[in-house]
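Enquirer: One structure, pasted below without further comment.
The values are calculated or read from the model by the stated rules, or taken from the named source; none is laboratory data. Computed from a predicted model, the values in this text were never measured in an experiment. With ideal geometry, Cβ positions are generated from the backbone for all residues, glycine too; neighbour counts draw on all protein chains shown. SASA here: full protein model, heavy atoms, side chains in, ligands and nucleic acids out. Shrake-Rupley method; radii C 1.70, N 1.55, O 1.52, S 1.80 Å.
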Amino acid sequence: MKILVIGSGGREHALVWKISQSPKVNQLFCAPGSAAIGELAQCVAVNPEQIEKLADLAEKEKIDLTVVGPELPLTLGIADLFEEKGLKIFGPNRAAAQLEGSKAFAKEILKDSGIPTASFGTFTDAASAKRYVAKNPAPCVVKADGLAAGKGVLICTDHEQAEAAIDDILVRHAFGQAGEKVVIEEFLDGEEASFMVLTDGDHVLPLASSQDHKRVFDNDEGPNTGGMGAYSPAPVVTSAMHQRILHEILKPLLSGLKNEGIRYRGVIYVGLMITKSGPKVLEFNARFGDPECQPIMMRLKSDLVPLLEATIDGKLNQVQEVQAEWYEDPAVCVVLSARGYPGLYDKGHEIRGLDKLRHWEKGFVFHAGTTKENGRWLTSGGRVLGVTARGSDIGNAVTNAYAAVSQISWDGMHYRKDIARRAILRN
Ligand code: AMP
Ligand code: GLY
């Protein structure tokens, strides 16, 4: 088969790494990819939002399957375009991708389907939004409706902060078009977990559970980021909790989508708060989580390609052929980021030590934002590397990941020292 992966970050490096091991694949492309991805796939200089060009590429190269990494092409309708042209693509169509593209849409589906989630109100004018805030207890969470690269969620400890957040979004347009609406939510207390499933619209195939670390500093301090590290499995998702998530969330969600005339095919990422009263949905993503995808791909024993094909072909119920098998060993990903991230960050620093990890047996270093010049690796993004290791238990995986981190350095390198600490404390 010929496969094309769209994207260039750590998630796509992990997808390419896994897909490149499939005996079904004889040619692998990535658009645009990166220097590191180029070691496993042929990179083509087309960006994820250039969906027409991507369709041309898939036609020209006779690609058998395209796998979409990031959300933007999905909300732009890449799956609709590929389907019109008879090209196979893994990822939901534009209507289904609204689950991520519009928080207001997601909340309506949650409400209509009776799925547990924070109580909320949706507003386009600041005065009504502020009246809602005044009527409800603090803290609350103010969210820009659309895609805001993980930055459009403001946790407000009191009413003044919430009013300022509403003004930022609706009056000062801090998030541009993404902030034409705000969603204001009850603040939920608990432990977060990420739960991803493959779905063909009728059936779901759960992937291993995971937990992200959203804040930039240790002990969950500082601003939210795209994710500073992840581990899998997440012990908070016990087998009983797993069943509850399937029955209380995914089953009604698929029916709710069908009622809207939407057939979802692809991966649904459910961001959960595990509260005292059970699992509640914080958000949906229409794609694999990043960095969660990195430890999850490391733990997936089965070939990924038949699972993606079964998703597209509506055959996820044929479990004999498409059961996912997992390595028991947990995996941990520590993200190394650039000075300044998630704000404006430094670029162009030389990364030292990667050569020492070329034949690392305990894991793999996924590249999220690097380039290569004259044989030297340079930083080129906010999240730079995802150092991902396996271990006999979670503590051992953490030790292995940080041992590898200690070999790497550049000017301004930052990382959290407490990835998976919560999981270790539970053991
Ligand atoms: P979202 O993009 O909606 O998942 O929000 C990003 C992060 O903000 C989540 O991962 C949570 O850490 C936090 N968050 C969002 N909504 C809530 C909520 N209702 N209660 C508590 N924390 C929240
Ligand atoms: N790590 C969270 C996300 O991918 O949105």
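Enquirer: Using beta carbons and a limit of 7 Å, which pairs, at least six apart or on different chains, have the first residue in the stretch 257-271 and under 15 Å from ILE115 (Cα atoms) and assigned to a helix (DSSP H, G or I) and the second one modelled with pLDDT of 95 or more and of a type in the set (A, V, I, L, M)?
Expert: Matching pairs, first to second residue: LEU257/ALA96; LEU257/ILE109.
Enquirer: Related question: What is the residue count in the stretch 20-35 for residues that are part of a strand (DSSP E or B) and of a type in the set (D, E, K, R)?
Expert: Here the count works out to 0.
Enquirer: Would you pick out the residues in the stretch 406-427 that are surrounded by fewer than 22 Cβ atoms within 10 Å (Cβ to Cβ) and not in a loop (DSSP other than H, G, I, E, B)?
Expert: Once the filter is applied, which keeps residues that are surrounded by fewer than 22 Cβ atoms within 10 Å (Cβ to Cβ) and not in a loop (DSSP other than H, G, I, E, B), the stretch 406-427 yields SER409, HIS414, ARG421, ARG422, ILE424, LEU425, ARG426.
Enquirer: Output the residues belonging to the stretch 166-216 that are β-branched (Val, Ile, Thr), assigned to a strand (DSSP E or B) and more than 16 Å from ligand 2 (Cβ to nearest atom).
Expert: Keep residues of the stretch 166-216 that are β-branched (Val, Ile, Thr), which gives 166, 169, 171, 182-184, 197, 199, 204, 216.
After this cut, where a residue has to be assigned to a strand (DSSP E or B) as well, the list is 182-184, 197, 199, 204, 216.
Once the filter is applied, which keeps residues that are β-branched (Val, Ile, Thr), assigned to a strand (DSSP E or B) and more than 16 Å from ligand 2 (Cβ to nearest atom), the stretch 166-216 yields VAL182, VAL183, ILE184, THR199, VAL204.
Enquirer: Of all residues in the stretch 85-135, which are in contact with a strand residue (DSSP E or B) (Cβ under 9 Å, 6 or more places away or on another chain), open to solvent by 30 Å² or more (accessible area, probe 1.4 Å) and of a type in the set (Asp, Glu)?
Expert: Scanning the stretch 85-135 gives a single hit, GLU108.
Enquirer: Continuing with this model, one more query. Which one of these is more than 26 Å from GLY382 (Cβ to Cβ), modelled with pLDDT of 95 or more and either in contact with a helix residue (DSSP H, G or I) (Cβ under 7 Å, 6 or more places away or on another chain) or away from ligand 2 (no atom under 16 Å from the Cβ) (or both): GLY278, GLY314?
Expert: Values: GLY314 fails: modelled with pLDDT of 95 or more.
None of the others qualify; the one that does is GLY278.
Enquirer: Any chance you could count how many residues in the stretch 36-72 are more than 17 Å from ILE3 (Cα to Cα) and either open to solvent by less than 40 Å² (accessible area, probe 1.4 Å) or part of a loop (DSSP other than H, G, I, E, B) (or both)? Steps first, answer last, please.
Expert: The initial filter retains those residues of the stretch 36-72 that are more than 17 Å from ILE3 (Cα to Cα), namely 36, 49-50, 52, 71-72.
Add one more test, that the residue is either open to solvent by less than 40 Å² (accessible area, probe 1.4 Å) or part of a loop (DSSP other than H, G, I, E, B) (or both), and what stays is 36, 49-50, 71.
Total satisfying the criteria: 4.
Enquirer: List, please: which pairs have Cβ atoms under 7 Å, are six or more places apart or on different chains, and start with a residue in the stretch 213-231 that is among the polar types (S, T, N, Q) and end with one that is more than 13 Å from ligand 1 (Cβ to nearest atom) and modelled with pLDDT of 95 or more?
Expert: ASN219/ASP418; THR225/TYR341
Enquirer: Under the condition of being among the acidic types (Asp, Glu) and within 10 Å of VAL182 (Cβ to Cβ), which residue from the stretch 124-172 is farthest from ligand 1 (Cβ to nearest atom)?
Expert: Selected residue: ASP125.
Enquirer: Return the only residue of GLY289, GLY226, GLY179 being open to solvent by less than 50 Å² (accessible area, probe 1.4 Å) and modelled with pLDDT of 95 or more. Full working, then the answer.
Expert: Values: GLY226 fails: modelled with pLDDT of 95 or more; GLY179 fails: modelled with pLDDT of 95 or more.
Exactly one residue qualifies, and that residue is GLY289.
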